[in-house]
Amino acid sequence: MCDSSQFLRDSDALRELTGQAPKPLLAILGPFNAGKSTLLNGLLGLQLSPVGIIPTTSQPIYFDYGSSFKATVSKRHQDRVFYQPGELYSFLARNDVSDRKVSIKVPVPILKKCRFLDSPGIDSPGIEPLSIIKLAGKEADKVIYLFHQRGIDEGSRQFLYRLASVWKTKNPNDISFWLNCNQGTSDGTSLETTRTTLREIFLRPIRIYTINTLAEENIETFRIYLEVQLAKNHLAQAHQMLRKADANIPRKLKKVNSIKDEALFLAEFWDIRRAVQTILEAGHLIHTAPSVAKELDRRLTLMNSANLIAKEKKAEGTAYHSRRRTIRDNKLALLNIIEQLNQDPIVKTAIDQVKLISLSNLIVSKHFVVTVTGNFSTGKSTFINALLKDNLLPAADGPTTPVVTRISHGSTKTATVHIPLQTTLQVYEQIGGKAVLNKAVLEVFERLSVGDGSDIALLEAFIGGNFKIVGRQKIAPLLKETRELFSAGAFARTAHKVQPSIYKGIPIRRLRSSRIPQKIRLTFRNPGEREFDISETLGLQRFWDTLAAGCPLEVSEVTIQCPSQILEHVVFVDTPGLDWLQKYHQQNIADNIENSDVCLVFLNGKHILSSLERNKFDGLFWSTNTGKNKTAKKDENIFYVISFADTLTPQQRVSVYSYVKDYLKKLNQGKVGKETRPKIFMISCLKGLTGTESGISSLLKNLEEVLLKNPGRQFYLNRLRDIYHILEEASQKINHMFQSNRTGYSERKGLLAAQQGLREYRRQIKKLQKSIYVTGRLVVGGKRKAFR
């Protein structure tokens, strides 16, 4: 601390000697609610930039030094000036200022050295990311990019690719990256994924730091980091300026010697003397300023360590006990009637036993499907672990679910990894007019070229509108051409690797003259299943390692069986994050959502409804008919689950809930059909692991009611109708036998008893029907119709 303080004091003294150079503009960028405004307010020590759990910064806000508070809202040649923060906030809340410039001056010391730009979130609704990129590229001298704790997502990746192309003319080290750990300590998974992706985008080693914008000590470390970087820049600029000034001294002395007027000579000479004295003093400050690199690195390392200490959560689960009729009750009631019919000696002979057994099997095997979807790191897997009361699914800050995973009931805990016969991979994707290489394809080429592709039987390339087999002798040239075309140059090579490890995006037009296909298809040699016993820690770890190593390329799906009570009637489907960088299973995700009975859409309460998230939802849950109106896909069967509720204040919870509700209400406007009230729940998945989250019980209660009301009602009423038809067939059979002249008195007496027994069973079915939502009637073709 002593060295950095002395360094900053020397820098301030140098600034006094050499004068204030133009202050650099520091732009704070990142997704909305990543903590940008909170970070800036912490740095300034004042609540100046709008902060909220929903997007609050709708326009760039510039901060500069002033002797007192003064804010200016400008539009063309019209200025509105405010001298009190409250007046400014009131104006911003009442008016749309997205097309105006907001400038704020405040008496904060750090603003004497730099200016700040607080920007809207790159994924805020109504914000065009390209406008933020242009603004940063044109005006910013440095960029501070802040990630959510979950790390980089698809929206940030595409934004940073474009920013990197704009920033080429500037110093790449003037962009710093920070992972905001404001949701508790991070496990580090998202940090490593983000670092790797940034390295590929910016084609250089990237250092990413962690910070908790809610912790004062973290803000203080960040302030020191910024001031040291600003001081270093000022020292470098001063050094260059002093060198030029020193080089001009001989020329000035020569000019002074030619002056004949004594007074003018003395005045000019003393100016030169003061300049020399300034150069000497400034040079002394520059050469004696202490090195602060080690101390600053130590402070940042300590901050990282504090933010990356993982806390293990033991899964105790959340119990759910319904006080109403449940799926289990309906299933047992139907099976009980079938069992009575099978055992009743009076009616047994008249009943079609084959149909009855088939119906029984259908009821037993019936499971309702609940698909859990949303962006990565929204708590989906942690939620399912809480329901199972066991940590069977891997969970971390970064993406952990690489493929669609079905969790169903079984007598033992087992996991099965399904290896497909074939899979298709895109060789590249298009981002901003450039082709970005899919490195998984390159790994396939490398494995086949060295003969390590024993699990791959066949490689086909999509050329000329058809897949064509690529012989092994052609793989090495194809690999070489792909490397050379996408290679990032010398940086991509290390001392021990000749081949490049980093690849850049290239213009699409360059691919036209190459032999590189748009996509490839792999046929695997040993398709099938690999089973793991996950009841023990060792088997569970092997299963997790297999997911990490083989997914998502060589695995099509994962199924898990567990003897959990909640799985007796419901199958849960866990899906990869919708905004994950890997997109192999996007179609599979969409198919599972379409075919599910109920869908749980998870939203991160700390990063609610980004523009990318909205676009995904529009595609997955909404469709447009031939008119102008929207048509909802299973609107009544969608639950919106806001996670990380434990990290929000009561006021923030209200804001987030209202924000989501208003968004869904807007979606309903113009929708065909009856408007439904959106089902929104706020929960803490981590609290659910310890069994202390009441919100999960409320969610499960409503989930079961919806399953019973919609798909459940139809299924169980249809099965009652099937039983009813079996009884009618038996009754008709008895009537036919009764009318036969070949039946004797004793036989007729038995048939009458059987007919009476069938009538009793039909009454029992009608009584049971009343407890299955539609009292006493069956919905057929939109009309209520009684059993006959």
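The values are calculated or read from the model by the stated rules, or taken from the named source; none is laboratory data. Predicted model only: the values in this text are computed from it and were never measured. Every residue, glycine as well, gets a Cβ built from its backbone with ideal geometry; the counts of neighbours run over all protein chains shown. SASA here: full protein model, heavy atoms, side chains in, ligands and nucleic acids out. Shrake-Rupley method; radii C 1.70, N 1.55, O 1.52, S 1.80 Å.
Would you confirm, using the coordinates I've provided, whether residue 184 is under 16 Å from the mean Cα position of the chain (by Cα) and in contact (Cβ under 8 Å) with a residue 24 or more places away in the chain? So residue 184 does not fit the description; no.
The C-beta contact set for segment 403-416 (first residue farther than 14 Å from residue 388 by Cα and surrounded by 17 or more Cβ atoms within 10 Å (Cβ to Cβ), second residue small (Gly, Ala, Ser) and at pLDDT below 90, distance under 8 angstrom, 6+ apart or interchain) comprises 403/556.
Yes/no matrix, rows are residues, columns are (1) closer than 18 Å to residue 39 by Cα; (2) open to solvent by 50 Å² or more (accessible area, probe 1.4 Å); (3) polar (S, T, N, Q):
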| position | (1), (2), (3) |
| --- | --- |
| 77 | no, yes, no |
| 91 | no, no, no |
| 106 | yes, no, no |
| 129 | no, no, no |
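For segment 695-708, the criterion of a residue being at pLDDT below 80, hydrophobic (A, V, I, L, M, F, W, C) and out of contact with any Lys or Arg (no Cβ under 6 Å at 6 or more places or on another chain) is satisfied by at least one position. Does residue 247 satisfy the criteria of being farther than 30 Å from residue 28 by Cβ, of a type in the set (Gly, Ala, Ser) and either touching a Gly at 6+ places or on another chain (Cβ under 8 Å) or at pLDDT below 70 (or both)? Considered against the rule, which asks whether it is farther than 30 Å from residue 28 by Cβ, of a type in the set (Gly, Ala, Ser) and either touching a Gly at 6+ places or on another chain (Cβ under 8 Å) or at pLDDT below 70 (or both), residue 247 comes out as no. Among the residues of segment 264-279, those identified as open to solvent by 70 Å² or more (accessible area, probe 1.4 Å) and either at pLDDT below 70 or not basic (Lys, Arg) (or both) are 264, 266, 268, 269, 270, 271, 277. Grab the strands (runs of 3 or more DSSP E) fully contained in segment 545-607, keeping just those with 3 or more residues being of a type in the set (Val, Ile, Thr). Hits in segment 545-607: 557-562, 570-574.
Can you tell me which residue in segment 510-529 is surrounded by the fewest Cβ atoms within 10 Å (Cβ to Cβ), limited to those that are in a strand (DSSP E or B) and charged (D, E, K, R)? Looking at the filtered set, the residue picked out is 529.
Only one entry of 426, 422 meets the criterion of being modelled with pLDDT of 75 or more, within 23 Å of residue 526 (Cβ to Cβ) and not β-branched (Val, Ile, Thr), and that entry is 422. Picking from residues in segment 104-155 that are part of a strand (DSSP E or B) and of a type in the set (Val, Ile, Thr), the one that is farthest from residue 200 (Cα to Cα) is 106.
Scanning segment 200-234 for residues that are assigned to a helix (DSSP H, G or I) and small (Gly, Ala, Ser) yields one hit, 231. In a residue-by-residue description of segment 546-560, the property of being open to solvent by 60 Å² or more (accessible area, probe 1.4 Å), at pLDDT 75 or above and at negative phi applies to no position. Note on segment 360-388: residues that are open to solvent by 10 Å² or more (accessible area, probe 1.4 Å), touching a residue at least 60 places away in the same chain (Cβ under 8 Å) and over 22 Å from the mean Cα position of the chain (by Cα) total 5. Can you say whether residue 84 is at pLDDT 65 or above, surrounded by fewer than 21 Cβ atoms within 10 Å (Cβ to Cβ), of a type outside the set (Val, Ile, Thr) and over 22 Å from residue 227 (Cβ atoms), as far as the supplied structure shows? Here the answer is yes, as residue 84 does meet what is asked.
Identify the residue in segment 342-355 that is in a helix (DSSP H, G or I) and in contact with a helix residue (DSSP H, G or I) (Cβ under 6 Å, 6 or more places away or on another chain) and, among all such residues, is least open to solvent (accessible area, probe 1.4 Å). If we take residues in segment 342-355 being in a helix (DSSP H, G or I) and in contact with a helix residue (DSSP H, G or I) (Cβ under 6 Å, 6 or more places away or on another chain), then 350 is least open to solvent (accessible area, probe 1.4 Å).
Here residue 577 meets each of (1) modelled with pLDDT under 75; (2) closer than 23 Å to residue 127 by Cβ; (3) among the small types (Gly, Ala, Ser) with one exception, condition (1).
If you go through segment 170-209 and keep only what is open to solvent by less than 40 Å² (accessible area, probe 1.4 Å), closer than 20 Å to residue 582 by Cα and of a type outside the set (Phe, Trp, Tyr), you end up with 188, 190, 191, 194, 197, 198, 201. Per the listing 293, 289, 231, 282, the residue uniquely within 52 Å of the chain's Cα centre (by Cα), under 17 Å from residue 176 (Cα atoms) and either at pLDDT below 75 or surrounded by fewer than 13 Cβ atoms within 10 Å (Cβ to Cβ) (or both) is 293. The residues of segment 12-56 that are of a type in the set (S, T, N, Q), in a helix (DSSP H, G or I) and at pLDDT below 80 amount to a single one, 18. The criterion of being over 25 Å from residue 555 (Cα atoms) and surrounded by 17 or more Cβ atoms within 10 Å (Cβ to Cβ) holds for residue 330. Kindly indicate whether any position in segment 531-538 is at pLDDT below 80 and either assigned to a helix (DSSP H, G or I) or within 24 Å of residue 421 (Cα to Cα) (or both). No: segment 531-538 contains no residue that is at pLDDT below 80 and either assigned to a helix (DSSP H, G or I) or within 24 Å of residue 421 (Cα to Cα) (or both).
If we scan segment 155-169, do we find a residue that is open to solvent by 10 Å² or more (accessible area, probe 1.4 Å), in contact with a Gly (Cβ under 9 Å, 6 or more places away or on another chain) and free of Cβ contacts under 8 Å to residues at least 12 places away in the same chain? Looking through segment 155-169, at least one residue is open to solvent by 10 Å² or more (accessible area, probe 1.4 Å), in contact with a Gly (Cβ under 9 Å, 6 or more places away or on another chain) and free of Cβ contacts under 8 Å to residues at least 12 places away in the same chain. For segment 563-587, filtered to residues that are under 22 Å from residue 366 (Cα atoms) and of a type outside the set (Val, Ile, Thr), the residue that is most open to solvent (accessible area, probe 1.4 Å) is 565.
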